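As C-alpha coordinates, the structure follows; a few thoughts come after it.
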Amino acid sequence: MGHHHHHHGSMALPKDAIPSLSECQCGICMEILVEPVTLPCNHTLCKPCFQSTVEKASLCCPFCRRRVSSWTRYHTRRNSLVNVELWTIIQKHYPRECKLRASGQESEEVADDYQPVRLLS
(Lines give C-alpha, C1' and ligand atoms only; values in the text may rest on other atoms or scores of the structure.)
Protein backbone atom coordinates (compact mmCIF):
# COMPACT_ATOMS: atom_id res chain seq x y z
CA MET A 1 0.00 0.00 0.00
CA GLY A 2 1.39 3.40 -0.96
CA HIS A 3 1.71 6.06 1.67
CA HIS A 4 -0.18 9.29 1.09
CA HIS A 5 1.75 12.31 2.20
CA HIS A 6 -1.26 14.63 2.37
CA HIS A 7 -3.46 14.02 5.32
CA HIS A 8 -6.29 16.31 6.19
CA GLY A 9 -5.44 16.88 9.81
CA SER A 10 -2.89 19.59 9.09
CA MET A 11 -3.72 23.13 8.04
CA ALA A 12 -0.75 23.42 5.70
CA LEU A 13 -2.31 23.59 2.27
CA PRO A 14 -0.36 22.90 -0.88
CA LYS A 15 0.05 26.16 -2.78
CA ASP A 16 -2.56 25.36 -5.42
CA ALA A 17 -5.12 23.84 -3.09
CA ILE A 18 -8.50 25.52 -2.84
CA PRO A 19 -9.37 26.05 0.80
CA SER A 20 -12.81 24.79 1.75
CA LEU A 21 -15.45 27.37 2.52
CA SER A 22 -15.37 26.42 6.20
CA GLU A 23 -11.65 27.21 6.28
CA CYS A 24 -12.49 30.64 4.88
CA GLN A 25 -15.06 31.47 7.50
CA CYS A 26 -14.47 33.60 10.54
CA GLY A 27 -14.83 31.57 13.73
CA ILE A 28 -16.57 34.47 15.41
CA CYS A 29 -19.22 35.76 13.02
CA MET A 30 -19.28 32.63 10.79
CA GLU A 31 -19.18 34.83 7.71
CA ILE A 32 -16.62 34.67 4.94
CA LEU A 33 -13.24 35.99 6.12
CA VAL A 34 -13.16 39.57 4.84
CA GLU A 35 -9.67 41.04 5.05
CA PRO A 36 -8.55 38.17 7.27
CA VAL A 37 -6.24 39.00 10.16
CA THR A 38 -4.03 36.08 11.18
CA LEU A 39 -2.75 36.48 14.72
CA PRO A 40 0.71 35.28 15.82
CA CYS A 41 -0.94 32.21 17.36
CA ASN A 42 -2.20 31.36 13.84
CA HIS A 43 -5.85 31.99 14.59
CA THR A 44 -7.55 33.99 11.86
CA LEU A 45 -10.56 36.26 12.07
CA CYS A 46 -12.09 38.79 9.71
CA LYS A 47 -11.05 42.39 10.13
CA PRO A 48 -14.45 43.64 11.41
CA CYS A 49 -14.35 40.99 14.15
CA PHE A 50 -10.71 41.73 14.84
CA GLN A 51 -11.60 45.37 15.32
CA SER A 52 -14.55 44.68 17.58
CA THR A 53 -13.09 41.86 19.67
CA VAL A 54 -9.33 42.35 19.69
CA GLU A 55 -8.67 46.03 19.07
CA LYS A 56 -11.55 47.42 21.12
CA ALA A 57 -11.70 44.83 23.84
CA SER A 58 -8.90 42.70 25.10
CA LEU A 59 -5.94 42.69 22.71
CA CYS A 60 -6.03 38.94 23.24
CA CYS A 61 -6.81 36.25 20.72
CA PRO A 62 -10.55 35.57 21.12
CA PHE A 63 -9.89 31.87 20.51
CA CYS A 64 -6.92 31.05 22.73
CA ARG A 65 -6.55 34.25 24.77
CA ARG A 66 -2.93 34.81 23.78
CA ARG A 67 -1.90 38.43 24.28
CA VAL A 68 -1.44 40.18 20.94
CA SER A 69 -1.20 43.80 22.06
CA SER A 70 2.32 44.54 20.83
CA TRP A 71 1.70 42.55 17.64
CA THR A 72 -1.47 44.56 17.01
CA ARG A 73 0.22 47.90 17.62
CA TYR A 74 3.14 46.96 15.37
CA HIS A 75 0.95 45.95 12.43
CA THR A 76 -1.60 48.71 12.94
CA ARG A 77 1.19 51.27 12.58
CA ARG A 78 2.42 49.58 9.43
CA ASN A 79 -1.06 49.00 8.09
CA SER A 80 -0.18 45.32 7.65
CA LEU A 81 -2.82 43.60 9.77
CA VAL A 82 -4.49 41.85 6.86
CA ASN A 83 -3.16 38.47 5.76
CA VAL A 84 -2.91 39.52 2.11
CA GLU A 85 -2.00 36.07 0.83
CA LEU A 86 -5.06 34.48 2.39
CA TRP A 87 -7.29 37.41 1.43
CA THR A 88 -6.21 37.02 -2.21
CA ILE A 89 -7.04 33.30 -2.15
CA ILE A 90 -10.44 33.94 -0.57
CA GLN A 91 -11.35 36.66 -3.08
CA LYS A 92 -10.25 34.40 -5.91
CA HIS A 93 -12.20 31.32 -4.86
CA TYR A 94 -15.17 32.90 -3.08
CA PRO A 95 -15.87 36.17 -4.89
CA ARG A 96 -19.63 35.71 -4.50
CA GLU A 97 -19.45 35.32 -0.72
CA CYS A 98 -17.17 38.35 -0.45
CA LYS A 99 -19.53 40.45 -2.56
CA LEU A 100 -22.55 39.31 -0.61
CA ARG A 101 -20.87 40.13 2.65
CA ALA A 102 -19.68 43.53 1.43
CA SER A 103 -23.13 44.49 0.18
CA GLY A 104 -24.72 43.05 3.31
CA GLN A 105 -22.62 45.23 5.57
CA GLU A 106 -23.39 48.36 3.62
CA SER A 107 -27.12 47.74 3.61
CA GLU A 108 -27.14 47.02 7.36
CA GLU A 109 -25.86 50.48 8.15
CA VAL A 110 -28.59 52.05 6.05
CA ALA A 111 -31.25 49.68 7.36
CA ASP A 112 -32.13 51.78 10.40
CA ASP A 113 -33.81 54.60 8.55
CA TYR A 114 -34.98 52.47 5.64
CA GLN A 115 -38.67 52.87 4.92
CA PRO A 116 -40.36 50.25 2.74
CA VAL A 117 -41.62 51.84 -0.46
CA ARG A 118 -45.30 51.25 -1.12
CA LEU A 119 -45.95 50.64 -4.78
CA LEU A 120 -49.02 52.42 -6.07
CA SER A 121 -51.42 49.89 -7.51
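The values are calculated or read from the model by the stated rules, or taken from the named source; none is laboratory data. Note that the structure is predicted; figures quoted are calculated from it, not measured. A quick note on method: Cβ atoms are made from the backbone with ideal geometry, for glycine too, and the neighbour counts reach across all protein chains shown. These accessible areas exclude ligands, DNA and RNA; they are computed on the full protein's heavy atoms, side chains included. Shrake-Rupley method; radii C 1.70, N 1.55, O 1.52, S 1.80 Å.
Largest accessible area first, the listed residues Tyr94, Tyr74 line up as Tyr74, Tyr94 when surface is computed with a 1.4 Å probe on the assembled protein chains. Projecting label points 7 angstrom from Cα along Cα→Cβ for Ala102 and Val84 puts them 1.8 nm apart. Gyration tensor over the Cα atoms of region 31-108: the corresponding equivalent ellipsoid has semi-axes (square roots of 5 times the eigenvalues, largest first) of 23, 14, 11 Å. For region 42-81, the equivalent ellipsoid derived from the Cα gyration tensor has semi-axes of 14, 11, 9 Å, listed largest first.
Estimated from the Cβ-Cβ distance and a Förster radius of 22 angstrom, the FRET efficiency linking Arg66 and Ser20 is about 0.30. List residues of region 48-63, by number, whose backbone nitrogen lies under 13 Å from a label position 7 Å along Cα→C-beta of Tyr74. None, by backbone N distance to the label point.
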